[in-house]
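What follows is a single structure, written as structure tokens, with notes after it.
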Amino acid sequence: MTARIVGNDYRSLTPPELGAWTPSLRVSVIIPAYGGQDKLDLVLAGLAAQTYPADLTEVIVVDNGSDPPLRLPGIRPRDTRLIVCPVPGRAHARNAGLRAAGGDVIHWLDSDVVLDRRAVEAHMRWHHAAPYLAVTGYIRFTPADLPAPEAVAAADDLAELFEPAEPHAWLVDLIERTGGLTDNQARAFSLHVGGATSVNAALLAQAGPMDTDLILGQDTEMGYRLAQAGAVFVPEPLARAFHLGPTMRMRDKAPIDRVSHAFVADRIPSYRWLRSHPNRRWKVPYVEVVVEAGHDHRLGYEEVRATVDAVLAGTVPDVAVTIIGPWDEVRDEGRAPLTNPDLDLVLIRGHYAHESRVRTAGAPSGEAAPYRLRLPAGWVPGEDGLAGLLDLAADGGYGLVSVLLAEGPDREIVTARLERTAAFARAAIVRRDGEDLDDAVEETFGTLWVDGGAYGFALGARPITGRRGAHRARTEAEAEVARLTKEVERLRGQVDRWRDDAGRWRRSAVELRREVGTLRRELTAARRVLRRGLLSSMKRAITRRL
């Protein structure tokens, strides 16, 4: 039974101890190389000394047009091949190696990264525990002079040859900040670096080959697609390696980011900070909305238009829409269109024929959008409803958010479904025979039910605020905010004046109380004097009469 990992918490797995297990999976180590024969010799010498069985290891060196051509040195693994890829670019070279590979696991390795003798075994023990992992070792960058290949092959600990060295600081920081990538599964794919990462071959086939249109950032983009295919990303500190010299990113991080971000923004929707433009369309959308037939099992033109137009007018511009229908069977009646039984489908297809964000198809697109909302035709989300659902799913890490739209008298319910692509891909890998896919999603990512009314879902078209109207409303709102701000300042000043007046009144009241107290004391004294004087007069009068 396939092990189930919740989110990216690979800690539920227990890989075997190094040297205390019997492996069975075959690994293909793919090394793209352009020049650098002296460094390649050391890389192959390090692979020749690996503790992982040689009969389960193949090494494919891809010469990417070196002049003079590369050669295989004497110290190398037994099953090592050299192939040539004349098309320049590391992505092309890796894909050539991938096509030639026959292993159960693909281990990417740069031609200037020397593996510790236990590194491949440290990787492979994880792949024996679950078939959907991407494992990355810890690379240190050494300025040491290059030793002889014989010294590398004989070394039990490469630190003796290459320390002192610098860690891959960015990678270590990412791992430490996210609890070993278990606390932030949305960023886990960033761990996929080509210098020393291994990936299950079947998972890699599902994700697809390296993107040869990218100049830089191919590793990260591949990591993103692996995540959408269901991958779990594992950092393995026991898989140690040394990079011969500083990496290009360490030398030129700012210009590299400038080039990389220009391209990966189109392909990695999870990098939201690269998609700040309010109206742009990107190659891979953040969410695909799949419009399906409603309760009557048909696609009505008005119903579909209400749903699609509301989605396109919402606060999530990073969206694509797929209208599911029998489009290959639609009949175009040129002579009598009003009697065409497929008229509604003809109208839908014609209405959106030139809207680049809308496609008509028999199935959702193959683009690896992080989320997919399945919505019955005729139902429309509130203007910010889709954004609210996406925030809910992202913050909670849910694999499925089911939206209750309506419930009929016969207990038939109408729902929408926000599905996380990675969750359903993972569920398809770990699902048991006969198990419902949603149940597997529940166990690995979690599911949630919400009321559609809370997110503004309603049946039927609603007025759509155009850009000019939205601009006018925003301008009026900003003016109202400015007016209210001034009013608040005025009231704050009035309150301050009232406070001053109140202070003066309090001081006057204190003084008045003091004066009243003085008068009371004087009155009391006068009464005493008067009383004593009256008694004395009465005594004298009585005495005279006697």
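Between region 391-459 and region 1-17, the alpha-carbon centres lie 24 Å apart. Measure nothing fancy, just the Cα-based angle from helix 253-264's long axis to the longest principal axis of the chain, in degrees from 0 to 90, nearest 10. Taking Cα atoms only, the helix is inclined about 80 degrees. As I understand it, the value is the acute angle between the Cα axis of helix 301-312 and the longest principal axis of the Cα atoms of the chain; what does it come to in degrees, rounded to 10? Around 80 degrees separate the two axes.
In region 358-405, taking the dipole from charged Cβ atoms about the Cα centre, the farthest positive-side position among P364, A393, L404 is held by P364. Surface composition of the chain: carbon and sulfur atoms hold 53% of the protein heavy-atom accessible area at a 1.4 Å probe.
Placing unit charges on C-beta atoms (Lys and Arg positive, Asp and Glu negative, everything else neutral), compute the dipole magnitude of region 367-413 about its Cα centre in debye, rounded to 20.
Details: 3 positive and 8 negative charges, 35 e Å.
That gives a dipole near 160 debye.
Between V87 and R11, what FRET efficiency follows from the Cβ-Cβ distance if R0 is 25 Å, with the result rounded to 0.05? The value I calculate is 0.05. For A428 and A154, the FRET efficiency from 1/(1 + (r/R0)^6), where r spans their Cβ atoms and R0 equals 56 Å, is about 0.75.
Could the peptides 432-439, 101-108 be put in order, highest first, of the mean number of other beta-carbon atoms found within 10 Å of their residues? Intermediate results must be reported in sequence, preceding the final value.
On the way: 432-439: 10.8, 101-108: 21.9.
In descending order of packing, they fall as 101-108, 432-439.
If each DSSP helix of 4+ residues adds -39,500 (n - 2.57) and the sum is divided by the residues in the chain, what number results at 222 nm, nearest 500 deg cm²/dmol?
Values: 16 runs with 215 residues, N = 546.
Calculated mean residue ellipticity at 222 nm is -12500 deg cm²/dmol.
DSSP bridge analysis restricted to the chain gives an antiparallel fraction near 35%, rounded to the nearest 5. Decide, for region 41-174, between rounded, prolate and oblate: order the square roots of the alpha carbon gyration tensor eigenvalues as a ≥ b ≥ c, take rounded if a/c falls under 1.5, and otherwise choose prolate if a/b is larger than b/c, else oblate. Verdict is rounded for region 41-174.
Rounded to the nearest Hz, the phi-derived 3J(HN,Hα) couplings of region 2-11 under the Karplus curve 6.51 cos²θ - 1.76 cosθ + 1.60 (θ = phi - 60°) are 6, 5, 10, 10, 7, x, 10, 8, 5, 5, where x marks glycine and proline. Annotation: amide H-H contacts under 5 Å for D342 (H modelled 1.01 Å from N, sequence separation of 5 or more, or interchain): R331. DSSP bridge analysis restricted to region 133-258 gives an antiparallel fraction near 35%, rounded to the nearest 5. Summing Cβ point charges (Lys, Arg +1; Asp, Glu -1) relative to the Cα centre of the chain gives a dipole of roughly 5660 debye. At the residue level, M124 shows approximately 0 square angstrom of accessible surface with a 1.4 angstrom probe and all protein chains present. With R₀ set to 35 Å, the beta-carbon distance separating S276 from A454 gives a calculated FRET efficiency near 0.80. 3J(HN,Hα) along region 476-481: 5, 5, 5, 5, 5, 5 Hz, from the Karplus curve 6.51 cos²θ - 1.76 cosθ + 1.60 with θ = phi - 60°, whole Hz, x for Gly and Pro. The residues of the chain expose, per residue, 52 Å² of accessible area to a 1.4 Å probe.
Between D436 and A361, what length comes free when the chain is fully extended (0.36 nm per residue of separation minus the Cα-Cα distance, one decimal in nm)? The partial results should precede the final answer.
On the way: separation 75, 0.36 × 75 = 27.00 nm, distance 2.55 nm.
Extra length available between D436 and A361 comes to 24.4 nm.
Check G35: other-chain or 5+ apart residues with amide H under 5 Å from its amide H, H built from backbone geometry? Close amide H contacts, sequence-distant or interchain: N64, S66, D67. Computed from backbone phi, the HN-Hα couplings of region 267-282 come to 10, 10, x, 5, 7, 5, 5, 8, 10, 7, 5, x, 9, 5, 10, 10 Hz, rounded to whole numbers (Karplus: 6.51 cos²θ - 1.76 cosθ + 1.60, θ = phi - 60°; Gly and Pro given as x).
The values are calculated or read from the model by the stated rules, or taken from the named source; none is laboratory data. For clarity, every value in this text was computed on a predicted model and none was experimentally measured. Using ideal geometry, Cβ is built from the backbone for each residue, glycine included, and neighbour counts are taken over all protein chains shown. Calculation scope for accessible area: heavy atoms of the full protein, side chains included, ligands and nucleic acids excluded. Shrake-Rupley method; radii C 1.70, N 1.55, O 1.52, S 1.80 Å.
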